[in-house]
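Just so it is clear, none of the values below were taken in a lab; they were calculated from the coordinates. Everything numeric in this text was worked out from a predicted model, so none of it was measured. Glycine gets a Cβ as well: all are built from the backbone with ideal geometry, and neighbour counts include every protein chain shown.
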Amino acid sequence: MYSGKKRTTIHMIKNKKRGNKMESFEGKHFSITDPKDVNTVIYRINKTEKEFLKDSPKFTVERLDYMEELNGELKKKTFFVDHPSPDGEQLVILSFGKDKVVVNTGIMEEEKLRISKKPMPVKFNTLYSEEESVYKEFKYTPNLKRPISIIDPETTEEIKPIVYLDKETNEVKGKCKLKPYKSYFAFEIRED
């Protein structure tokens, strides 16, 4: 069990992949250390508001921003949870290695972060094509959150979808363009 930090405001976030950006975060933060050749990303699981459930996915995912510090071959990452719920936050922790992805879950409650001791078995897709392709369309919630995330396992960056308005259904949707001869990791949160 990890003891989280108290509520704080962070003004400067540095991320080597996203560059410097000025933002204010009102919330909590916690740190993890990645060993050599491992890159961890963390997502917050959001429940869709009741008034939007009829036409939207039940859960959406939101990637946490982080700051990274190098210490030899280790990378200390400090993750930020902006405006955490007083009821706690459910997290999905994805650790990308050379040939595998380890999936853990976590719960942030008050001043504690609990992470599962054993990686959980999950259903996920590895997307691969020998032709340039567009991944299936997916719906956005009215506040532009999406249920699925597609990640390049080599860089751990998300593949950003092209957002458009489907004139036939009058819904905001997204689609991702994937490169040929390359694998991608895709996941979504849902109840079966």
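General remarks:
- Loop GluC sites (Glu not before Pro), the range 31-86 (other Cβ atoms within 10 Å of the site Cβ: 13 or fewer; DSSP): 49, 73
- Restricting the trypsin sites (Lys or Arg not before Pro) of the range 27-71 to loop positions (DSSP other than H, G, I, E, B) with no more than 15 neighbouring Cβ atoms within 10 Å leaves 36, 58.
- Gained length - residue 114 relative to residue 76, 0.36 nm times residue gap less alpha-carbon distance: 11.9 nm
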